[in-house]
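So the structure is just underneath, and the comments pick up after that.
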Amino acid sequence: MKKWRKLKIFLIVLLFGCLLPEFSVIPVKHATNNDWNAKSFWFEPWGKSGVHKGIDIFGKLGTPILSATYGIVIFAGELPLGGKVVAVLGPKWRVHYYAHLNSDLVFIGEPVWRGSEIGLLGDTGNAKGKPAHLHYTVVSLLPYVWKIDGSTQGWKKAFYLDPAQVIKP
Ligand SMILES: [Zn+2]
């Protein structure tokens, strides 16, 4: 039956995406793991978001922002909180979200490699008036239900992964 064939193709594509290796890098050029606070993921209280669903990697204004993984740009534009934002769909059905950029250097649909320059570090959106930093979030489109815990908005941990774990060498 046609329906089953479509489902089979869908499942194969889904599985293939999961099996792609990630090979990630720290998305701020020359940054080390001393440039973010390990405790900043799921830190609360955190303004309008309640909890901080990413990490803030600090650096000099204008430092190149690198794509942490290969993938396809699915968003490049302005958001009220994020300011100038780039989102990349990478392997394992994960969306990598880069916010507060000074400028974005990519367009929607553009393929990027690990380490491609996708923007410049800035202080746009709700980072205005704060030290310049990259807000980096990794969202899994497939739920990791076993990561849900009793913390504030704990069910969202099925989708928001700790970026520090993703870019761990
Ligand atoms: Zn942040």
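Laboratory data are not the source of any read-out in this text; all were calculated from the coordinates shown. The shown structure was predicted, so the numbers you read here are calculated from the model rather than taken from an experiment. A quick note on method: Cβ atoms are made from the backbone with ideal geometry, for glycine too, and the neighbour counts reach across all protein chains shown.
Counting other beta carbons within 10 Å of each Cβ, put K53, K156 in order, fewest first.
K156, K53
Of the residues L120, L134, L14, which exhibits the maximal mean-square fluctuation in a Gaussian network model of the chain defined by a 10 Å Cα contact cut-off? Comparing L120, L134, L14 in a Gaussian network model of the chain, the most mobile one is L14.
Across the stretch 1-33, the residues whose backbone nitrogen lies under 16 Å from the label position 7 Å along the beta-carbon direction of Y144 are 18-25. Compared with the direct C-alpha span, the chain from W93 to R114 gains 6.0 nm at full extension, assuming 0.36 nm per residue.
When the Cα positions of I148, V112, N102 are compared along the charge dipole of the stretch 63-167, I148 comes out farthest toward the positive end, with charges on each C-beta of Lys, Arg, Asp and Glu. The mean sequence separation of alpha-carbon pairs under 8 Å and at least six residues apart, normalised by the residue count of the stretch 1-159, gives a relative contact order of 22 percent.
Do any chymotrypsin sites (Phe, Trp or Tyr not before Pro) in the stretch 1-92 lie in a DSSP loop with no more than 14 other beta carbon atoms within 10 Å, and if so, which? Counting only loop positions with at most 14 other Cβ atoms within 10 Å, the chymotrypsin sites (Phe, Trp or Tyr not before Pro) in the stretch 1-92 are F23, F43.
Report the equivalent ellipsoid semi-axes for the stretch 125-169 in whole Å, largest first, defined as the square roots of five times the eigenvalues of the gyration tensor built from alpha carbon atoms.
24, 14, 9
What does a probe at V25 reach in the stretch 131-169, counting residues whose amide N is under 19 Å from the point 7 Å along Cα→Cβ? Answer for this model: 134-138, 163-169.
Full extension of the chain between F16 and Q165 yields a length gain of 51.5 nm, computed as 0.36 nm times the residue separation minus the alpha carbon distance.
In the chain, the DSSP-assigned H stretches of four residues or longer account for a calculated mean residue ellipticity at 222 nm of -4000 deg cm²/dmol, using -39500 (n - 2.57) per stretch and the full residue count as denominator.
Between S49 and T32, the simple label model (points 7 Å from Cα in the Cβ direction) yields a spacing of 2.6 nm. Largest first, the three principal axis extents of the alpha carbons in the stretch 21-166 are 39, 36, 28 Å in whole numbers.
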